[in-house]
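Any read-out appearing in this document is the output of simple, stated calculations on the displayed coordinates, not a laboratory observation. Just so it is clear, the structure is predicted and the values come from calculations on it, not from any experiment. Note that each Cβ is placed from the backbone with ideal geometry, even for glycine, and that neighbours are counted across all protein chains shown.
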Amino acid sequence: MMEFALFLGCTIPARLNQYESSSRAVLEKLSVGLIDIREFNCCGYPLRNIDFRVFILSSARNLALAEKKNLPLMTLCKCCYGSLKKADYLMKENAALKKDVNATLEKEGLKYEGRVEIKHLLSVLHKEIGIEAIKGKLVATFKKLKVATHYGCHALRPSQVVGFDNAVAPSLFDQLVEVTGAESIDWPMKLECCGAPLWGVNDSLSMDLTLKKLTDGKKSGADYVCAACPYCHIQFDKVQKMILSQRNVNHPLPSILYTQLLGLSLGIDRKALGLEMNEIPITGIEESLSKETELAEEKELAEQKETKEKTESNKE
Amino acid sequence: MFLKVSLYISLVIFLIAFTYKVATWFRYKIGTGAAEIPTSTRFFSAVKGILSTIFSADILTLIKIFVLDVLLQFRILREDFLRWIMHIFIYGGFMLLLLMHALDKYITAAIWNNYYSTVNPFMFLRDLFGAFVIVGVLIAIYRRFILKVPRLFSNAMDIYAILIVAVIILSGIFLEASKMVAYSDYKRMVDEYSGLSEPEELKSLEAYWVKEFGTISPNLKGPFDEKILQKGKELHQSNCGNCHARPQWAFVSYGTAKIISPIGLGIDRAHLPSVLWYIHVLACLVGLAYLPLSKMFHIFASSVSLLANGVIGKEKLTPANQATLQAMELDACTHCGTCSLRCSVIMAFEEFTNMNIFPSEKIASIRALASGKELSPQELRHIQEGVCLCTNCYRCTVVCPVGINLQDLWFNVRETLLQKGYPESLVLSPLSFYRGLMKEETVPKDYEKPLIQAKEAIAAQCDLMKKKEKVLPLTPTNRELPSGLNLSAQAKTFSVCFSCQTCTTVCPVVGNYENPQEILGLLPHQIMHAAGLGLRDLAFGSNMLWDCLTCYQCQEQCPQGVCVTDVLYELKNLAIKQVREKTLHHMERI
């Protein structure tokens, strides 16, 4: 069985429990083992604005912890992914930097050699598990559902560092969305930033960018925007809700986490997927789940009813 | 008489100190919300809250928490087994000694009417409980000073706590051991309880005690005749055995007695047993009187914190109760260091020498702040930096063994300090994401103020930005700036920029404005150019720097391979560093 050290970061456990629970459920279904390392700390992303050394030490410490256990590392967050990749890249490029970082890590008995493979959840699904394998596990597919995929800047760029997908014409996420039967639409602002990095720093600019992007998605015919990053999702969900009330916009483009979308077609319990936990409701999406399964369910129900009636009549 | 008087004195001091401490729960003000609520409102609101909780279904939750978390301390067990053993031994042993031994007249004797401290099981149990505490204290010393648990800091209070417990228990053990060897104590017991007067009998009994129980007699020394010992044994059984178990049962004291037996006569002559009795009793009474002011107050406050936070959950508290809860939580902290061990941003300490980065150390500073104590500008700044360097990951709150909602505490203190304190450049980073999400719920009137202040503080250091003329002399320039951009090897790449403006063209922030220069100052390609020329002020003073999304569009598309975003990151780092150093330097001069 494939095994990864699961890097949750700070935002998911504190503010987006449904992403953690839905990811765990999906990965369990796909037989991916997850190891939790309690000693992990911040990936360094929010500290990059402040101090380079604090960023790289934070990032490297996580990598050293995963390396100690000889595990590849999987993030659910694109910003964590970008930061860890960046730190890994810089230490590989610059031996003096690596030495300096390790001199500090050594105080805790840690050391980073550069042997950890850093993956984002979507790459694991796409490359390690594969579209065909996912297809084999589906119990339902979506019909007539248009989804706007949001790639997330820190997974795509700088491409030479992150190596997630083609930075200009990525397709990994679209394939993953289409495997569920949903249509992944083309939209002009697909590769633009969600606006989250400026939320709390320059709210009006952040809102401008988010609103522009979401309006574009809506105009392009999307029913949902789909993200696989806590920052992007919160921006499209909780922050979108704040934008709607502040800017008098009344046509939201709800955001669904990819693990919620895939989880539904894998037949995972909606409670584990936390469908009700999103701020802008997404429960309507269940109506787009394919007729076949509904029929199958109805059949099952009918059968159950029949057997029940039979047993009851037998009792009589 | 001495005992009674000193006990009452220490009880009175305890009660006064206890009342004083509990009163601070209603007096101390943390956060902007607390400032306007009078103490009386907080008190009545707390009483109301407690009563309504007790007379509701929540009482069941309270009972469950009391058993699992307060008595059995499962939350410590969840964190660390060794620590749990340590704490259970100290607290369990001490509590049992308190109930069975210190309060024997009121509790033990009331339950068992044939209670004597010298008979079993009491004699054995007293030593067993004492041994528990000693083992616990030894583990505590081992963890702090030998194992050196990471980020576990020992302050004066921690050392006092270990010392007072150690003195109480060790003096108790030595007291008992010295009584075992002391001849006068033996003599007193014989006179009081035996009713023997025949010299022959007395001698036999004494020989038996010297041989078997470690009494050191000035008159008799072994080896003894078998017959005398036999006689002594019979006399012991008929006169003493009923009320005095074999001292070996008090195994710790007996072992100690054996060790000190060579100086047994001297111990007796120096009246050491009574000296030790005074030490033992006084240590207990000092411990009691000082308890509310020491770390030991956590016995009460931590229990209250566990119970309160256990039933509060996610429900909204009234602002009055919120204020009281947070003041109380300051006392509940045991300085155990779990939060610092699990904190997400601890690596920041490697670069910023500020103890307030560690959650466990922040508490003491916040306590000082809440008490209204006059703090120096440095202290205030360090607290502010400490509460701002936080990713709001809630881990400290989740792991706290006494259930303190640390995250909310930081948030509250942060907001207050940001509104009143120094310009804080840390707010110009994604650490502010959470603050943005909370703005509808916490609504500080001046939400934007700290952000504006931080930018202004940086701009204040950029003299060139204030110049009205559009033409600037290119000298003198800051030669250190280009060479200073060397943190990540990539930032140096700005020197190959040929100003093609691709970065500016693809920048979504630039694209958001009709007249971007008016709002953003220098645009990305201009910042690259300014960096190359060493025009520090222009680079640092441009809003573009702080409005950068870090989306990496510019860097991805640059035909020259300039790491534009990384250069912007480094410029931000430099600007923040300079403001920080300047503020600290300024404070030192005051």
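At a glance:
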read-out: Mean Cβ count within 10 Å, highest first, over the residues of peptides B:117-126, B:426-435; value: B:426-435, B:117-126
read-out: Antiparallel bridge percentage (DSSP; both residues within the range A:138-293; nearest 5); value: 10 percent
read-out: MRE, 222 nm, helices only [DSSP H, n ≥ 4, -39500 (n - 2.57), over the protein assembly as shown, to nearest 500]; value: -17000 deg cm²/dmol
read-out: Tail weight of P(r) past 44 Å, computed on alpha-carbon pairs of the protein assembly as shown, percent; value: 45 percent
read-out: Cysteines in chain A that, by Cβ-Cβ distance, have no pairing candidate under 4.7 Å; value: A:Cys42, A:Cys79, A:Cys226
read-out: Percent of Cα pairs exceeding the 37 Å cut-off, where the set is chain B; value: 53 percent
read-out: Other protein chain Cβ atoms within 10 Å, averaged over every residue that makes up B:421-434; value: 6
read-out: Efficiency of FRET from Cβ geometry, A:Ile280 and B:Ile263, R₀ 60 Å, rounded to 0.05; value: 0.15
read-out: Order of B:Arg342, A:Arg38, B:Arg42 under a 10 Å beta carbon neighbour criterion, fewest first; value: A:Arg38, B:Arg342, B:Arg42
read-out: Inter-label distance for A:Lys144 and B:Lys148, nm, one decimal - labels placed 7 Å from Cα along Cα-to-Cβ; value: 6.9 nm
read-out: Most positive-pole-ward Cα, B:Leu138, B:Tyr193, B:Leu426, against dipole of chain B from beta carbon charges; value: B:Tyr193
read-out: The range B:83-125 and the range B:526-571: distance between their alpha carbon centers, rounded to Å; value: 71 Å
read-out: Helix A:291-315 vs. chain A, principal-axis angle (Cα, 0 to 90°, nearest 10); value: 50 degrees
read-out: Choice from A:Gly181, A:Gly274, A:Gly284 showing the highest fluctuation, given a GNM over chain A with Cα pairs closer than 10 Å; value: A:Gly284
read-out: Listed residue (A:Ser171, A:Val225, A:His154) projecting farthest to the positive dipole end of chain A, Cβ model; value: A:His154
read-out: Out-of-range pairs (alpha-carbon distance over 29 Å; input B:Lys48/B:Lys105; A:Lys212/B:Lys455; B:Lys179/B:Lys221; A:Lys98/B:Lys362; A:Lys143/A:Lys213); value: B:Lys48/B:Lys105; A:Lys98/B:Lys362
read-out: Cross-link reach list, aspartates and glutamates versus A:Lys111, counting only Cα pairs under 18 Å and skipping chain neighbours closer than eight places; value: A:Glu39, A:Glu67, A:Asp88, A:Glu93, A:Asp100, B:Glu350
read-out: Greater than 31 Å apart at Cα, pairs in A:Lys29/A:Lys92; B:Lys449/B:Lys577; A:Lys92/A:Lys238; value: A:Lys29/A:Lys92; A:Lys92/A:Lys238
read-out: Relative contact order, percent, the range B:322-457 [alpha-carbon distance under 8 Å, six or more residues apart]; value: 24 percent
read-out: Chain A: most fluctuating residue of A:Thr215, A:Thr149, A:Thr141 per GNM, C-alpha cutoff 10 Å; value: A:Thr215
read-out: Charge dipole (debye, nearest 20) of the range A:2-121; +1 at Cβ of Lys and Arg, -1 at Cβ of Asp and Glu; value: 180 debye
read-out: Inter-site label distance for B:Tyr160 and B:Phe55 at 7 Å from Cα along Cβ, in nm; value: 4.0 nm
read-out: Net length gained if the chain between B:Leu98 and B:Ile452 were fully extended (0.36 nm per residue, minus Cα distance); value: 121.6 nm
read-out: The range B:206-217 - phi-based ³J(HN,Hα) in whole Hz, Karplus 6.51/-1.76/1.60, Gly and Pro as x; value: 4, 4, 4, 5, 5, 6, 8, 10, x, 5, 9, 9
read-out: Cβ-placed point charges (K, R +1; D, E -1), dipole of the protein assembly as shown about Cα centre in debye, nearest 20; value: 1480 debye
read-out: Rounded tilt (10° steps) of B:319-332 against the dominant C-alpha axis of chain B; value: 60 degrees
read-out: For residues of A:9-15, the mean tally of beta carbons on other chains within 10 Å; value: 6
read-out: Two-site FRET efficiency, A:Ile131 against A:Leu244, from Cβ-Cβ distance with R₀ of 41 Å, rounded to 0.05; value: 0.70
read-out: Two-site label geometry, A:Lys69 and A:Arg270: point separation in nm, points 7 Å out along Cα→Cβ; value: 3.4 nm
read-out: Over the range A:138-293: Rg over Rh, Cα atoms, Kirkwood Rh; value: 0.96
read-out: Fewest-first sequence of B:Tyr186, B:Tyr290 by Cβ atoms within 10 Å of each Cβ; value: B:Tyr290, B:Tyr186
read-out: Phi-based couplings in Hz for the range A:65-80 (Karplus 6.51, -1.76, 1.60; Gly and Pro marked x); value: 5, 5, 5, 4, 8, 6, 10, x, 10, 10, 9, 9, 10, 6, 6, 4
read-out: Rg/Rh for chain A, where both radii come from Cα atoms and Rh is the Kirkwood radius; value: 1.03
read-out: Label-reachable residues, the range B:79-119, where backbone N falls under 12 Å from a point 7 Å from B:Asp185's Cα toward its Cβ; value: B:118
read-out: Chain B: relative contact order as a whole-number percent, Cα under 8 Å and 6+ apart; value: 14 percent
read-out: For peptides A:59-66, A:189-196, sequence by mean Cβ density within 10 Å, most packed first; value: A:59-66, A:189-196
read-out: Fluctuation leader among A:Val201, A:Val116, A:Val162 - chain A, Gaussian network, Cα springs under 10 angstrom; value: A:Val201
read-out: Relative contact order computed over chain A (Cα-Cα under 8 Å; 6+ residues apart), in percent; value: 19 percent
read-out: Neighbour-count order for B:Ser184, A:Ser290, fewest beta carbons within 10 angstrom listed first; value: B:Ser184, A:Ser290
read-out: Fraction of antiparallel bridges per DSSP, the protein assembly as shown only, in percent to nearest 5; value: 5 percent
